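Structure incoming, see below.
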Amino acid sequence: MFKWFSITCDEATTICDKSQYGEASFSEKIKLKLHFLLCKVCALYTKQNSMLTKICQKKTAQNNCLTKEDKQAMKKVLQEKNM
Amino acid sequence: MPHLTNTNILNPDTWIDNYADYLYNYAIVRVNNEDTAKDLVQETFFAGLKSAKNFEGKASERTWLISILKRKIVDYYRKINSKKGQAEIKMNFYEDGDKEGNWIEERVPQRWDNEAEKQIESEELRNALEHCIGNLPEKYGLVFRLKTIQGFETEEICKELDISPSNLWVIIHRARTQLRKCLEDNWFKK
């Protein structure tokens, strides 16, 4: 019984990573919570990992454009090819 | 149905003004960096030019160019999938022996100061993260970006990159443990 619940830190942090995307299963989440009782390091990892997620969310989706210079350069190369 | 005239196809100048940004945006969210995205767009225009005579006018010009770009991106994925011996990732857990699966002592997370939470909005912190992602092996950086920043579904990434879901989670896991350590060393420890 205990064996079933017991996971390594490697496994615990993998579950933690999955749960950052809402993709950890119910039994995985239980295992993770139990692991936290025994392991403060992984609990800390989880806290910092959530922060990493938050920083990434701030980075999301700016619209990217090519600069005028980029486009000019592309045109030039393309024209040469088209000759 | 409007027929595409020859001038439309033979005048690549309008392609760049009309579609370069669109294609670039499509590419940049799927590949790791700006230069790669630019190259892919350029190659797409080349390929379009080369096969212009095969264009039947069934799809719009833009759709047709995107379909070429998609093939270019798949080729790029194949290339980084098969790249061997590139910058390897540092292990965070013992891989065998008594301590298998435990944290390696010097990789154990350290406490960040209480101010850490307040810095989330910081532009420099975002740049520091960007730098850390750039230090990952190309494939790891790419998978992490697609999943975390671009919000692609697991299934979609697996299909496009031809990897299994468990493979994807191993990559995400290694990337995240690496990024945590990198941010700690370069930012939160200061």
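Looking at B:Ile120, is it exposed (fewer than 15 other Cβ atoms within 10 Å of the Cβ) and on the phi < 0 side of the Ramachandran plot?
In short, yes.
Now for a different question. Could you grab the pairs with beta carbons closer than 7 Å, sequence gap of 6+ or different chains, first residue in the range A:18-34 and over 15 Å from A:Met51 (Cα atoms) and in contact (Cβ under 8 Å) with a residue 12 or more places away in the chain, second one of a type in the set (S, T, N, Q) and surrounded by 14 or more Cβ atoms within 10 Å (Cβ to Cβ)?
Listed by first residue and then by second, the contacts come to A:Lys29/A:Ser19.
Residues that are surrounded by fewer than 11 Cβ atoms within 10 Å (Cβ to Cβ), without any contact (Cβ under 8 Å) to a residue 24 or more places away in the chain and not in a helix (DSSP H, G or I): does the range B:100-108 have at least one?
Looking for residues that are surrounded by fewer than 11 Cβ atoms within 10 Å (Cβ to Cβ), without any contact (Cβ under 8 Å) to a residue 24 or more places away in the chain and not in a helix (DSSP H, G or I), one finds none in the range B:100-108, hence no.
Which of the residues belonging to the range B:149-175 are touching a residue at least 24 places away in the same chain (Cβ under 8 Å), of a type outside the set (Gly, Ala, Ser) and within 12 Å of another protein chain (Cβ to nearest Cβ)? Steps first, answer last, please.
Quick first cut of the range B:149-175, residues touching a residue at least 24 places away in the same chain (Cβ under 8 Å) only: B:150, B:160-163, B:168, B:171-172, B:174-175.
Among the residues that remain, those that are also of a type outside the set (Gly, Ala, Ser) are: B:150, B:160-163, B:168, B:171-172, B:174.
Across the range B:149-175, the qualifying residues are B:Gln150, B:Leu168, B:Ile171, B:Ile172, B:Arg174.
Would the range B:130-139 turn up any residue that is surrounded by fewer than 17 Cβ atoms within 10 Å (Cβ to Cβ) and at positive phi?
Within the range B:130-139, not a single residue is surrounded by fewer than 17 Cβ atoms within 10 Å (Cβ to Cβ) and at positive phi.
Then there's this: Looking only at residues that are polar (S, T, N, Q) and surrounded by fewer than 16 Cβ atoms within 10 Å (Cβ to Cβ) in the range B:26-55, which one is farthest from B:Asn81 (Cα to Cα)?
Filtering first and then ranking leaves B:Asn54.
Can you pull out the residues in the range A:1-44 that are among the acidic types (Asp, Glu) and within 13 Å of B:Trp103 (Cβ to Cβ)?
If the condition is that a residue be among the acidic types (Asp, Glu) and within 13 Å of B:Trp103 (Cβ to Cβ), then A:Asp10, A:Glu11 are the ones that fit.
Looking for whichever is more than 7 Å from chain B (Cβ to nearest Cβ), closer than 26 Å to B:Met91 by Cα and of a type outside the set (Phe, Trp, Tyr) here; the options are A:Lys18, A:Lys40. Which one fits?
A:Lys40
Could you please let me know if B:Glu115 is free of Cβ contacts under 8 Å to residues at least 60 places away in the same chain and either in contact with a strand residue (DSSP E or B) (Cβ under 8 Å, 6 or more places away or on another chain) or facing another protein chain (nearest Cβ under 10 Å) (or both)?
Against the criterion (free of Cβ contacts under 8 Å to residues at least 60 places away in the same chain and either in contact with a strand residue (DSSP E or B) (Cβ under 8 Å, 6 or more places away or on another chain) or facing another protein chain (nearest Cβ under 10 Å) (or both)), B:Glu115 does not qualify.
Bear in mind these aren't lab numbers, they're just calculated from the coordinates by the rules spelled out. It should be emphasised that the depicted structure is a prediction, and the values quoted were computed from it without experimental measurement. Backbone-built Cβ (ideal geometry, glycine too); neighbour counts: all protein chains shown.
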